[in-house]
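Written out below as structure tokens is the structure these notes cover.
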Amino acid sequence: MVPASTPARPLINALEQASVLDVPAQTIASKVRQLLGGGKLKQAISGTWLGHPAHPPLTDLVIGSFLSASVLDLLAPRAGERAARRLITMGIAASTLTAVTGFSDWADTELSDESVRRVGLVHSEANLLALMLYFSSLIARRRGARMRGALLAFAGAGVLGASGYLGGHMAYVRGVGVNQTAFDAGPQDWTAVGAGVDLIDGQMLSAEANGTPVLLVREGGNVYAIHDRCSHRGCVLSEGKLESHVITCSCHGSQFDVRDGTLLHGPATVSQPSLDAREVNGRIEVRRVTRG
Ligand code: FES
């Protein structure tokens, strides 16, 4: 998963294979899921209201505040001391919500990939260590030990940088938090999916169109088709529960309208790609929805 030339590859490999982390990771993830449930709180934390995960922009606030304090320590150690203290206080305050959103996203990875879960656990522990260093820095500054406070903040920045690298690996290399249908909108031209008369009214069927997994539903004489890979973490939607025109994902409970893929309930943050569907000589064909 990591390019061969990167110096971080041995570390990432070691973390991804560290099965010793599985028991604590599983225990914590299970507690987090229990605490957050699947209602409005979970949706808010997941970023369903925002249209993408809430965790990444919050990390910018934390990292920006902490690193700005260190920049002031370097460029204006005396004149910038008061502002540096305020920035560290702001970073500590923003850390709580950032940690909650991060734990929530991480807890949802458990079902899909244990190696990502291991890296995520180390990422969160490193963030906790960085937070403790910044907290110590703030206490030292308030006691008048400015130099000690600055050194503690530099140490915190180092740990934060390493932790941020792990976070980047999870998002950009392993695709955590990324719309799982982003690169697969379905076939451009009408494509047969190998299903037809066997699709009973009110029932769903899993099919494939040129490699795109498709969920088919016949309802009231119409055939509807949406992408069968859940945009949240990639679970197979057709393994979920269909009630009327609403499909509930079996993994984390996201709900979509099968008639057009509209997201009805998180933790997913985007709708499912919808496909045009038609019946030709008893066979169903689909193609991506063309707009405009
Ligand atoms: S994979 Fe999480 S709700 Fe579908």
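Here are a few things to note about the model shown:
- Test for S206: is it in contact with a helix residue (DSSP H, G or I) (Cβ under 6 Å, 6 or more places away or on another chain) and either within 16 Å of the ligand (Cβ to nearest atom) or outside any loop (DSSP other than H, G, I, E, B) (or both): yes
- Among the residues of this structure, G196 does not count as one that is open to solvent by 30 Å² or more (accessible area, probe 1.4 Å), modelled with pLDDT under 95, more than 13 Å from the ligand (Cβ to nearest atom) and more than 30 Å from N13 (Cα to Cα).
- Entirely in the stretch 14-89, the helices (runs of 4 or more DSSP H) that have 1 or more residues that are crowded, with 16+ Cβ neighbours inside 10 Å and acidic (D, E): 55-75
Conditions (1) hydrophobic (A, V, I, L, M, F, W, C); (2) within 16 Å of the ligand (Cβ to nearest atom); (3) out of contact with any helix residue (DSSP H, G or I) (no Cβ under 7 Å at 6 or more places or on another chain), marked per residue:
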residue: E114; (1), (2), (3): no, yes, no
residue: L133; (1), (2), (3): yes, no, no
residue: S136; (1), (2), (3): no, no, no
residue: G149; (1), (2), (3): no, no, no
residue: F154; (1), (2), (3): yes, no, no
residue: V159; (1), (2), (3): yes, no, no
residue: Y165; (1), (2), (3): no, no, yes
residue: V176; (1), (2), (3): yes, yes, no
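- Annotation: of all residues in the stretch 214-227 being in contact with an Asp or Glu (Cβ under 8 Å, 6 or more places away or on another chain) and open to solvent by less than 30 Å² (accessible area, probe 1.4 Å), the one that is farthest from the ligand (Cβ to nearest atom) is V223.
- Subset of the stretch 228-254 (residues that are more than 10 Å from the ligand (Cβ to nearest atom), in contact with an Asp or Glu (Cβ under 7 Å, 6 or more places away or on another chain) and either under 12 Å from L205 (Cα atoms) or charged (D, E, K, R) (or both)): S238
- Looking across L216, L237, one residue alone is under 19 Å from Q43 (Cβ atoms) and not assigned by the TED database to the domain that holds S46. It is L237.
- R259 being within 12 Å of the ligand (Cβ to nearest atom) and part of a loop (DSSP other than H, G, I, E, B): no
- Among residues of the stretch 262-274 being more than 9 Å from the ligand (Cβ to nearest atom) and outside any strand (DSSP E or B), the one that is least open to solvent (accessible area, probe 1.4 Å) is Q272.
- Among residues of the stretch 90-108, those that are open to solvent by 50 Å² or more (accessible area, probe 1.4 Å), touching a residue at least 24 places away in the same chain (Cβ under 8 Å) and of a type in the set (S, T, Y), counted: 0
- Residues in the stretch 235-244 that are surrounded by 17 or more Cβ atoms within 10 Å (Cβ to Cβ) and not in a strand (DSSP E or B): C235, L237, S238, G240.
- The set of residues in the stretch 1-13 that are open to solvent by 50 Å² or more (accessible area, probe 1.4 Å) and either among the hydrophobic types (A, V, I, L, M, F, W, C) or closer than 19 Å to L263 by Cα (or both) comprises M1, A4, L11.
The values are calculated or read from the model by the stated rules, or taken from the named source; none is laboratory data. Small disclaimer: the values here were computed from a predicted structure and weren't measured. Cβ sites come from the backbone with ideal geometry, for glycine too, and all protein chains shown count toward neighbours. Please note that ligands, DNA and RNA were not included when accessible areas were found on the heavy atoms of the full protein model with its side chains. Shrake-Rupley method; radii C 1.70, N 1.55, O 1.52, S 1.80 Å.
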